[in-house]
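One structure below.
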Amino acid sequence: MGLFDEQLTEVKRFLSEARRAGGVREFRAFSTPAWPAESSLVLEEDTAIELGNPQTVSLSLLLWTGGHAVEDGLISLVGPDVGESGELSLPFAQVLMVRGSFEDEYESYQALRDAVYDTRLSGFMVRTRPSKHSLWCRVAREALEQGFSLRYLGAAFVKRLKEVPSASGVEVLFVTSSLDDVERLSGAAAEARRIIEAMMKMYEEKSFDCETCEYRDVCDGVMELKKIREKLAGEKAV
Amino acid sequence: MRDMILAVCGKGGVGKTTVTAVAARELCRLKSTKALVVDADPGGGLEMALSIKPNKTLNDVRKELIEEVKEGKRDERDLAVSLDYLLAEALTEVGNLAFLSIGRPEDEGCYCKVNVLLKDAIAGLAGRFDVTVIDAEAGIEQVNRRVMGEVDYVLLVSDTSTKGIRVGETIKQVADRMVKGEGAGLLINRVLDERAVDLIKASTFLEVIGWIPEDDTIRRFDEEDKSFFDLPDCPAVVSIRNAFEKVGLV
Ligand SMILES: Nc1ncnc2c1ncn2[C@@H]1O[C@H](COP(=O)(O)OP(=O)(O)OP(=O)(O)O)[C@@H](O)[C@H]1O
Ligand SMILES: [Mg+2]
């Protein structure tokens, strides 16, 4: 049992449906050369394409699990890659699934999300809005000319996330195919965000008054949160 | 020179916005330089001079962030990342330039954490650009409150009036106390008679880095509400460019 079992199932269902429709391309992180790591400022005039800008839909999802549903090193892409679309902007979903043994969920979250935020690639600029689980990326024209594709981004996430000691495998999914496709994952993204927020609240406030808590419904639905609550309340009582 | 943050300061009405707008015009011509231009004067004016309409100000960003904090989001890293996103939305880009307007702060309140995050985020943002030019609020307040954080050069603008020069001197003294080892220089504006420049040089401890003649073209562009991006190489523009070349901005 894990915090995000339901969301993982949803993502996997999305993937298998897309596979059946023949709309998934797969890459292996381990056979992908590393793209130069560097924080970049990409201005509009140097931008080839934007992913998930505020005028369209975007979604960022980070899930971790102790289970086996994660295929290490797999990068799946549903929709056109950044160099294939004639568009200046595409809707965008980024799903990062990490497997490992995560004892302390709070520390795990911080370590994993820091790894995500610290993944910076030359010619690729990303802005994230965690509270809205949205993100906004720009790919520089120069990077595209040098052959940048989402495969490199996926491989960078795999590498960076696996540097987190408790992580043993990372799978990545990118969706650029349509607004509808991205939105099909938005329920999972919103729910995952609430689970994370409920968990953070427990750790930070150490208040366990469920009657007045705005996350009560989340905790009621997720066994793992109840366990965390019991663990923390126990520590507090000692 | 690279990675320079320059603040244009001085008494009210002496030509700070004019000088900043001409800086934007010059920087725009240096295609390979990524420049951030900040309107730090809540009274605004720079957008008008450059015909820019930002759809979001720094104050809007601050309000949105306060909302997040009020909703219970307190994780520093998540807030800092959100702030970067919101700041990016507040930038108005014109070619190699990006503009940020600070807007008019309404709800002061005590959101120290938000203010600290904001200061860090702006410093971080400025750091990513090659150069940053700030059109500061008139007087010494902003310098006093260190609103602009790390400034490398304070460009003091003054007309030929004694009062204008004295305000420039006060700003320099305050700036010296606040920030270590920064440069500062005086640019004298609206000069009708060059002899006035010599008199000022003899009476101030400030380094005079140049002077700008009174120029009908500037006045006309202002009156007709034309974009300073379209200014010709009139005498004022040429002398402002020379001053910026001297301090290493362009
Ligand atoms: N060299 C010049 N020749 C003619 N007119 C000028 C010159 N410099 C500035 N002006 C005019 O002086 C007025 C004030 O200039 P400006 O708005 O740049 O000053 P400011 O210091 O930014 O003022 P504030 O403190 O109100 O922000 C404007 O109408 C401008 O057109
Ligand atoms: Mg002004």
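The values are calculated or read from the model by the stated rules, or taken from the named source; none is laboratory data. None of the values given here were measured: they were computed from a predicted structure. Please note: Cβ atoms are built from the backbone with ideal geometry, for glycine as well, and neighbour counts cover all protein chains shown. Keep in mind that these areas ignore ligands, DNA and RNA; they rest on the heavy atoms of the full protein, side chains included. Shrake-Rupley method; radii C 1.70, N 1.55, O 1.52, S 1.80 Å.
See the values below:
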read-out	value
Net dipole in debye of the range B:1-137 [+1 Lys, Arg Cβ; -1 Asp, Glu Cβ; about Cα centre; nearest 20]	460
Cα centroid separation - the range A:67-123 against the range B:19-84, whole Å	29
Charged-residue dipole, Cβ positions (Lys, Arg, Asp, Glu), the range B:173-250 about Cα centre, Debye nearest 20	420
Cα gyration tensor shape for the range B:172-222, rounded if a/c is under 1.5, else prolate or oblate	oblate
Helix A:105-117 axis, angle to chain A major axis (alpha carbon atoms, nearest 10°)	10
Among B:159, B:215, B:41, residue whose mean-square fluctuation peaks in a GNM of chain B (springs only between Cα atoms under 10 Å)	B:215
Peptide A:129-139 - average C-beta neighbours from other chains (10 Å radius)	4
Within chain A, percent of DSSP bridges classed antiparallel, to nearest 5	65
Shielding by partners, peptide A:39-46 (average Cβ within 10 angstrom, other chains)	5
Sites matching GluC sites (Glu not before Pro) across the range A:125-222 that sit in DSSP coil, with at most 15 neighbouring C-beta atoms within 10 Å	A:163, A:214
Expected-Rg normalisation [2.2 N^0.38 Å, Cα atoms] applied to the range B:4-247	1.02
Cα-centred dipole magnitude for the range B:4-247, charges only on beta-carbon of K, R (+1) and D, E (-1), debye, nearest 20	500
Cα-based helix-to-principal-axis angle, A:186-205 vs chain A, degrees rounded to 10	50
Calculated [θ] (222 nm, deg cm²/dmol) that DSSP helices of n ≥ 4 give over chain A, each run adding -39,500 (n - 2.57)	-12000 deg cm²/dmol
Per residue accessible area of chain A, 1.4 Å probe, in Å²	44
DSSP-loop trypsin sites (Lys or Arg not before Pro) across the range A:165-238, with at most 11 other Cβ within 10 angstrom	A:206
Which listed pairs, of A:159/B:31; B:119/B:172; B:34/B:56; A:12/B:70; A:159/A:231, have C-alpha distances above 28 Å, in listed order	A:159/B:31; A:12/B:70; A:159/A:231
Local net charge near residue A:190, Cβ-Cβ under 15 Å (Lys/Arg +1, Asp/Glu -1)	-2
Beta bridges per DSSP with both ends in the protein assembly as shown, % antiparallel, nearest 5	40
Considering only chain B, percent of DSSP beta bridges that pair antiparallel, nearest 5	10
Over the protein assembly as shown, equivalent-ellipsoid semi-axes from the Cα gyration tensor in Å	50, 26, 17
Interface area, B with A, accessible, probe 1.4 Å, both sides summed, Å² nearest 100	2300
On Cα atoms only, tilt of B:235-247 relative to the major axis of chain B in degrees	60
Under-5 Å amide H pairs with residue A:48, H placed in peptide plane, nonlocal only	A:139, A:140, A:141
GNM top mover of B:127, B:72, B:15 - chain B, alpha-carbon springs below 10 Å	B:72
Given chain B, longest segment not containing exposed loop trypsin sites (Lys or Arg not before Pro) (DSSP; at most 13 other Cβ within 10 Å)	B:32-144
Dipole axis of the range B:4-247 (+1 Lys, Arg; -1 Asp, Glu on Cβ), positive-most option in B:123, B:205, B:32	B:205
Global form of the range B:124-250, assessed from the alpha-carbon gyration tensor, a/c cut-off 1.5	oblate
With at most 14 other Cβ atoms within 10 Å, longest stretch of chain B clear of loop GluC sites (Glu not before Pro) (DSSP)	B:1-70
For the range A:127-153 versus the range A:179-218, the gap between their alpha-carbon centres in whole angstrom	26
